[in-house]
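K.L.:
Below is one structure. I have some questions about it.
Every read-out reported here was derived from the displayed coordinates using simple, explicitly stated rules and does not represent laboratory data. It should be emphasised that the depicted structure is a prediction, and the values quoted were computed from it without experimental measurement. A quick note on method: Cβ atoms are made from the backbone with ideal geometry, for glycine too, and the neighbour counts reach across all protein chains shown.
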Amino acid sequence: MEVFTEAWCVACCERMNESEAYRQAAATWEGSAVLVMTADATQGVPEERAAWLDMHHGACRGTRMATDADFDDAAYVFESDPATWRRLLSGDTDPVAAAMAGKLRLTKGNLFTLAKYAQAAREMVVAAGAAGGTFPATAG
């Protein structure tokens, strides 16, 4: 299964729901988020890919590939290039550190509100990484 596909979205949601650490860290977090992997043909991603997650009080209530309406309705949109997502999902990069360095961009949502949920964001990325998945082959 390749990352940022329908099957990967489902696996991410399942891992989030299995994670006690995520459940506790996100106990008061609610709203949907879109995770965007930007296009980069050299990284094997010719078109942007985006996953929508419905998060509510420590549970993932649903997921799918994001639609245009999801971008409009989501409380948060996180965007990064394939190389950064690879590092995030492998655990080599912390999502908060990546955001502070400008590698993971919050393109929609309130940063100050989100700061309360830094640990939930970390646990969400850990769960997404636990879902597994492969990255597209790089060009060259």
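K.L.:
So which residues in the range 29-58 are over 16 Å from the mean Cα position of the chain (by Cα) and either under 15 Å from K108 (Cα atoms) or free of Cβ contacts under 8 Å to residues at least 60 places away in the same chain (or both), if there are any at all?
P.N.:
D40, P46, E47, H57
K.L.:
If a residue counts only when it is of a type in the set (S, T, Y), which strands (runs of 3 or more DSSP E) contained entirely in the range 1-84 have at least 2 such residues?
P.N.:
76-80
K.L.:
What's the total number of residues in the range 57-72 that are of a type in the set (D, E) and surrounded by fewer than 13 Cβ atoms within 10 Å (Cβ to Cβ)?
P.N.:
2
K.L.:
Moving on. Which ones in the range 91-140 are among the acidic types (D, E) and assigned to a helix (DSSP H, G or I)?
P.N.:
Within the range 91-140, just E123 meets the criteria.
K.L.:
Considering (1) within 12 Å of the chain's Cα centre (by Cα); (2) part of a loop (DSSP other than H, G, I, E, B), say which one L88 fails and leave the rest.
P.N.:
L88 satisfies every listed condition except (2).
K.L.:
For the range 97-140, which positions are in contact (Cβ under 8 Å) with a residue 40 or more places away in the chain and either under 17 Å from C13 (Cβ atoms) or under 11 Å from the mean Cα position of the chain (by Cα) (or both)?
P.N.:
If the condition is that a residue be in contact (Cβ under 8 Å) with a residue 40 or more places away in the chain and either under 17 Å from C13 (Cβ atoms) or under 11 Å from the mean Cα position of the chain (by Cα) (or both), then A120, R122, E123, M124, V126, A127, A128, G129, A130, A131, G132, G133 are the ones that fit.
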